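These notes concern the structure reproduced below.
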Amino acid sequence: MSTTTSVRPDPTEPFGTTRRTLRLIEACVLGNALALRHWLAEGADPNAATSCGYAPLHFAALAGRPAIVQILLEAGADPLLRGPSGCQPSELAAMHGHRETAALLREAARAARGLRQREAVVPACLRGTSQPLIPTLAAA
């Protein structure tokens, strides 16, 4: 079972990139936490991809911005997203020598993989579905 996901393009603008997504990425690259929080509050998707296929977390990783990475993760950014090169944000940060950012992203990816594995084994009755684990006698 694969636990990797791909970045999803934002289809609302030509070339798949909205103004909000572009501003979010600009804040990530520049390390502007105030602007980042503003655009997230305005509804920018922390997992939306640009037309080149990278999400804001990839750009924060490339720029070596651990504080920005933390904000994105808290906003729901997926540390397991792979860009078009096949790299996850932690790998991009490591390749560019951003040790602190890479460590933060590796830990977030490890936690996300663990959560996905645990979610995969949660019984249906605990997920709120009406499917019983054991068939009733009346149904037999």
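The values are calculated or read from the model by the stated rules, or taken from the named source; none is laboratory data. It should be emphasised that the depicted structure is a prediction, and the values quoted were computed from it without experimental measurement. Don't worry about glycine lacking a Cβ; one is built from the backbone with ideal geometry, like all the others, and counts go over all protein chains shown.
When Cys87 is tested against (1) modelled with pLDDT of 95 or more; (2) within 16 Å of the chain's Cα centre (by Cα); (3) assigned to a loop (DSSP other than H, G, I, E, B), exactly one condition is not met: (1). Look at the range 5-30: where a residue is under 17 Å from Gly83 (Cα atoms) and a partner is part of a helix (DSSP H, G or I) and at pLDDT below 80, sitting 6+ places away or on another chain with Cβ atoms under 7 Å, you get Pro9/Gly16; Asp10/Gly16.
Contact annotation: residue pairs with Cβ atoms under 6 Å, 6 or more positions apart or on different chains, pairing a residue in the range 36-65 that is in a loop (DSSP other than H, G, I, E, B) with a partner that is of a type in the set (Asp, Glu) and at pLDDT 90 or above, are Asn47/Asp78. Scanning the range 81-108 for residues that are hydrophobic (A, V, I, L, M, F, W, C) and surrounded by fewer than 21 Cβ atoms within 10 Å (Cβ to Cβ) yields Cys87, Ala94, Met95, Ala103. Scanning the range 31-44 turns up no residue that is surrounded by fewer than 18 Cβ atoms within 10 Å (Cβ to Cβ) and either closer than 21 Å to Ala109 by Cα or under 10 Å from the mean Cα position of the chain (by Cα) (or both). Of the residues making up the range 45-80, those that are of a type in the set (Asp, Glu) and crowded, with 18+ Cβ neighbours inside 10 Å are Asp45, Asp78.
Would it be correct to say that Pro79 is modelled with pLDDT of 95 or more and not in a helix (DSSP H, G or I)? Steps first, please.
Numbers: modelled with pLDDT of 95 or more: yes; not in a helix (DSSP H, G or I): yes.
Criteria met by Pro79.
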